[in-house]
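To start, the structure itself, in structure tokens.
Derivation of every value follows stated rules applied to the coordinates shown; laboratory data play no part. Please read all numbers here as calculations on a predicted model, not as lab measurements. Every residue, glycine among them, receives a Cβ derived from its backbone with ideal geometry; neighbour counts consider all protein chains shown.
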Amino acid sequence: MHDMTAENLRSAFGGESMAHMRYQAWGDVADYDGKPDIARLFRAISYAERVHATNHFVELRDCPGEELVPSAAVFGIGEAHENLQGALAGETYEITEMYPAFLAVARYQGEEGAIKSFSYALAAEKEHKKLFLKAKEAAETGSDMQLGTVGICRVCGYTIEGDIPEKCPICNAGKDRFEAFQP
Ligand SMILES: [Fe+2]
Ligand SMILES: [Fe+2]
């Protein structure tokens, strides 16, 4: 694999790993704050970020090595709406800057595995942003959000609220490959 794509996969692994843990922590805060649906949204999306981190890690299977991983990150614990604003900042960065740039490099370098892994993540982050926006609007009024079942594709991390589709629209995996986070 080309060095720059490998570095981008490592950075994305770092970013997704931290997002996974950050959302777990912010989910606990939302529970403590009496907002179980926002807590469930954080946990569902945390699971999706874990799928992305794992996919990036697997793509690096033939690129062993040790290095410090620079990665954009958000820190801090606040009220639900502040944590959701942090989540939105992270998702927006991934959608508008990080994944499009990583994808452009991977395409230039002809790295098919990385193209797939980055594309899967980019598609899911767009759904995450929509759901976090909905949650933030509720949290700003001091309320919990109204959230149906959230389905996460275990293959690509695709995220959907409501009925789980027969086939994942991003990776084509069957319904049985979805993890459901139910009310
Ligand atoms: Fe995300
Ligand atoms: Fe999928």
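Between a residue in the stretch 157-178 that is closer than 18 Å to Ile45 by Cα and any residue that is away from ligand 1 (no atom under 16 Å from the Cβ) and among the aromatic types (Phe, Trp, Tyr), which pairs come within a Cβ distance under 9 Å, given they are 6 or more apart or on different chains?
Qualifying pairs under 9 Å: Tyr158/Phe178; Ile160/Phe178; Ile164/Phe178; Pro165/Phe178; Cys168/Phe178.
Looking only at the stretch 1-32, filter to residues that are of a type in the set (D, E, K, R) and either without any contact (Cβ under 8 Å) to a residue 60 or more places away in the chain or more than 15 Å from ligand 1 (Cβ to nearest atom) (or both); which one of those is surrounded by the most Cβ atoms within 10 Å (Cβ to Cβ)? Walk me through it before giving the result.
Start the filter on the stretch 1-32 by keeping residues that are of a type in the set (D, E, K, R), which leaves 3, 7, 10, 16, 22, 28, 31.
Next, from what is left, pick out any that are either without any contact (Cβ under 8 Å) to a residue 60 or more places away in the chain or more than 15 Å from ligand 1 (Cβ to nearest atom) (or both): 3, 7, 10, 28, 31.
Numbers: Asp3: 9, Glu7: 17, Arg10: 20, Asp28: 14, Asp31: 15.
Per the criteria, the residue is Arg10.
Return yes or no: is Arg154 within 16 Å of ligand 1 (Cβ to nearest atom) and of a type in the set (D, E, K, R)?
Details: within 16 Å of ligand 1 (Cβ to nearest atom): yes; of a type in the set (D, E, K, R): yes.
In short, yes.
Hey, among Glu161, Glu166, which residue is more than 14 Å from ligand 2 (Cβ to nearest atom) and in contact with a helix residue (DSSP H, G or I) (Cβ under 8 Å, 6 or more places away or on another chain)? Full working, then the answer.
Working: Glu166 fails: more than 14 Å from ligand 2 (Cβ to nearest atom).
Among Glu161, Glu166, only Glu161 is more than 14 Å from ligand 2 (Cβ to nearest atom) and in contact with a helix residue (DSSP H, G or I) (Cβ under 8 Å, 6 or more places away or on another chain).
Return a yes/no flag: does the stretch 67-84 have any residue that is under 19 Å from Met4 (Cα atoms), among the aliphatic types (A, V, I, L, M) and within 16 Å of ligand 2 (Cβ to nearest atom).
No: zero hits.
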